[in-house]
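To start, the structure under review is shown below, and the notes come after it.
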Amino acid sequence: MSDSWQDDAPDNGEPDIGEPDIGEPDIGEPDDGPRPRHLLRRLAIAVLVLAIPAGGLVWLFQDDLFHPFGDARACEGSDAPLSGAFGAGGAPLPGDASDVHYYTQGGHTELSFVSSRIPAFLHTAGFVPDDASPFDESYLDDHYALGEDDTELPKGLCGTGVRGPVLTYGSTAASIMVERSPFTADRFRAPARAIVTYDAP
């Protein structure tokens, strides 16, 4: 008699509390259906977000990435990085040197740059004595001539060649071509391009 109220209770179609209906997942159980799809979508978005700045960095540093030794000054085919001293006297590049290019192969170097400090470089590199004028004919090499507005670019060297007329100094071990002013014989172009050719010691 005491249990009769439970038997006579109306069935409203809802499961008793604490007894999950068979066939329906418990609220606490994970639903494994669409989750892999969501993860793949999120992964694709993350890859895209990372790829955009990575592509920008590649474009920004493409000169460093696609030149020999990561040096934008190095011409294709160079087999050694540029040393820090050039020419017969082991001179550094002039402080204002620009548009620098070099080609190295088997210990031989071709170096091109533009500078307004060519006389000082000629002295420091040992092409012309300190107390001598760069336009003193006794220090010039007469074996090479380049007509006015003709250009010269040694094989392998990239960039822009020197424009004639040029003055040349040095010997077979180390030599330099410098653009002379087309208006006067005792001045260089301002600034002037020089091409230094030398062999590693």
Across segment 94-122, the tally of residues that are out of contact with any Ser or Thr (no Cβ under 6 Å at 6 or more places or on another chain), of a type in the set (A, V, I, L, M) and within 11 Å of residue 194 (Cα to Cα) stands at 4
May I ask you to list pairs of residues, at least six apart or on different chains, whose Cβ atoms are under 8 Å apart, with the first in segment 108-125 being part of a strand (DSSP E or B) and the second being open to solvent by 10 Å² or more (accessible area, probe 1.4 Å) and among the basic types (Lys, Arg)? 112/193; 113/193; 114/193
Taking the conditions exactly as written (closer than 22 Å to residue 108 by Cα, out of contact with any Pro (no Cβ under 6 Å at 6 or more places or on another chain), open to solvent by 30 Å² or more (accessible area, probe 1.4 Å) and at pLDDT below 95), does residue 138 satisfy them or not? no
Go through segment 114-128 and count every residue that is modelled with pLDDT of 95 or more and touching a helix residue (DSSP H, G or I) at 6+ places or on another chain (Cβ under 9 Å). 1
Would you mind stating whether residue 85 is out of contact with any His (no Cβ under 8 Å at 6 or more places or on another chain) and under 16 Å from residue 191 (Cβ atoms)? no
Starting from segment 149-167, take each residue that is closer than 11 Å to residue 110 by Cα and aliphatic (A, V, I, L, M) and list its partners that are modelled with pLDDT of 95 or more and open to solvent by 30 Å² or more (accessible area, probe 1.4 Å), counting only C-beta distances under 6 angstrom and pairs at least six apart or across chains. 157/103
Members of segment 169-201 that are in a loop (DSSP other than H, G, I, E, B), without any contact (Cβ under 8 Å) to a residue 40 or more places away in the chain and under 17 Å from residue 97 (Cα atoms): 189
Of the residues 194, 91, 125, 145, which single one is among the hydrophobic types (A, V, I, L, M, F, W, C) and open to solvent by 30 Å² or more (accessible area, probe 1.4 Å)? 145
Scope segment 123-150; condition within 19 Å of residue 199 (Cα to Cα) and of a type in the set (Asp, Glu); matching residues: 141
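The values are calculated or read from the model by the stated rules, or taken from the named source; none is laboratory data. These numbers come from a predicted model, not from an experiment. Cβ sites come from the backbone with ideal geometry, for glycine too, and all protein chains shown count toward neighbours. Please note that ligands, DNA and RNA were not included when accessible areas were found on the heavy atoms of the full protein model with its side chains. Shrake-Rupley method; radii C 1.70, N 1.55, O 1.52, S 1.80 Å.
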